[in-house]
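In what follows, a structure is listed as structure tokens, so that the remarks can point back to it.
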Amino acid sequence: MRLLLVEDEPELGATLARVLERRGFQVAHRQSAAEALASLEHELFDLVVLDLGLPGMDGLQLLQRLRGRGSTLPVLVLTARGGVGDRVAGLNAGADDYLAKPFDPDELEARLRALARRAGLRDDPECGELRLDRGAGAFYWKSQALELTPRESALLAGLMERPGRAVTRARLLGLAFGAEVPAQPEALEVVVHRLRKKLAPTGVQITTLRGLGYLLQPSRGDED
Ligand code: CA
């Protein structure tokens with residue numbers, strides 16, 4: 001499970017990352033909301049642990065941004081004070097759970113596993129006859145797995161997050177290439193082109209929205 005940990009206290013963050021890694025999570029530790037936002041652009045995560053008290057943009061604002069752009073990523077917030085106001089604000093901003101500091105790592109782990117279980121109960125994303133099996137991390141057309149490169153997979157996963165709605169070029173570039181911006185200006189188009197070919201038999205197509213990005217949608221069915 002890929003987990004994004006946003007915690008500005010270096011020692012606490014490093015300790016948490018170590019504990020969670022020992023327990024089988026793959027942890028990316030970021031110390032500010034800005035760094036966390038950049039990672040969310042470039043990587044796919046299954047869970048977020050978010051400290052509310054961060055310098056600059058705080059955790060609540062980060063959470064609002066995330067939900068504002070339609071992300072349903074499960075988020076557990078860490079509140080320093082454990083005050084009712086903090087918890088209510090966190091939940092109102094779209095947190096799925098909260099934990100007051102100081103806490104026992106066992107409890108954090110138990111809460112995260114519960115969150116992941118609940119998230120796993122969500123339906124796998126689908127578009128037409130194309131389905132992303134979250135557990136396996138693979139795309140299926142009917143019962144057939146698509147053979148995709150890691151870049152193609154990352155790009156398709158980004159489009160599957162919101163079928164029928166535009167996903168920006170910047171977001172897709174980030175997902176496919178990470179932080180390293182490809183030298184070729186047409187690099188993204190090349191991946192899209194190859195992906196389109198592989199999707200051709202599935203009846204799902206990638207539509208270019210000039211100036212906006214791309215969207216994934218079922219192509220029109222055969223004429224009756
Ligand atoms: Ca803090």
TODO: Being in contact with a helix residue (DSSP H, G or I) (Cβ under 9 Å, 6 or more places away or on another chain) and crowded, with 16+ Cβ neighbours inside 10 Å is the filter here, so list the residues in segment 112-130 that pass it.
DONE: 112, 125, 127, 128, 130
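Answer yes if at least one residue in segment 104-117 is within 16 Å of the ligand (Cβ to nearest atom), over 29 Å from residue 165 (Cα atoms) and at pLDDT below 90, and no otherwise.
no
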Open item on the list: Show the residue pairs meeting these rules: Cβ distance below 7 Å; 6+ apart or different chains; first residue within segment 49-73 and more than 26 Å from residue 19 (Cα to Cα); second residue within 13 Å of the ligand (Cβ to nearest atom) and assigned to a helix (DSSP H, G or I).
Closed with: 56/33; 57/33; 61/33
Open item on the list: For segment 137-165, give me the residue count where each residue is crowded, with 17+ Cβ neighbours inside 10 Å and within 19 Å of residue 73 (Cβ to Cβ).
Closed with: 11
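Table: residues versus (1) farther than 21 Å from residue 64 by Cβ; (2) within 15 Å of the chain's Cα centre (by Cα); (3) within 13 Å of the ligand (Cβ to nearest atom).
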site	(1), (2), (3)
2	yes, yes, no
11	yes, no, yes
17	yes, no, no
37	no, yes, no
43	no, yes, no
48	no, yes, no
Task: segment 59-82: number of residues that are buried (at least 17 other Cβ atoms within 10 Å of the Cβ) and either within 15 Å of the ligand (Cβ to nearest atom) or more than 15 Å from the chain's Cα centre (by Cα) (or both) - done: 8
TODO: Would you check which residues across segment 83-111 are loosely packed, with under 11 Cβ neighbours inside 10 Å and either assigned to a loop (DSSP other than H, G, I, E, B) or not assigned by TED's automatic domain parsing to the domain that holds residue 12 (or both) and list them?
DONE: 102, 104
TODO: Could you identify the single residue in 56, 24 that is within 16 Å of the ligand (Cβ to nearest atom) and assigned to a loop (DSSP other than H, G, I, E, B)?
DONE: 56
- [ ] Have a look at 40, 12 and point out the one that is crowded, with 19+ Cβ neighbours inside 10 Å and assigned to a helix (DSSP H, G or I).
- [x] 40
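The values are calculated or read from the model by the stated rules, or taken from the named source; none is laboratory data. Treat the numbers as computed from the prediction; the structure is a model and nothing was measured. Because the Cβ atoms are built from the backbone with ideal geometry, glycine has one as well, and the counts that use them run over all protein chains shown.
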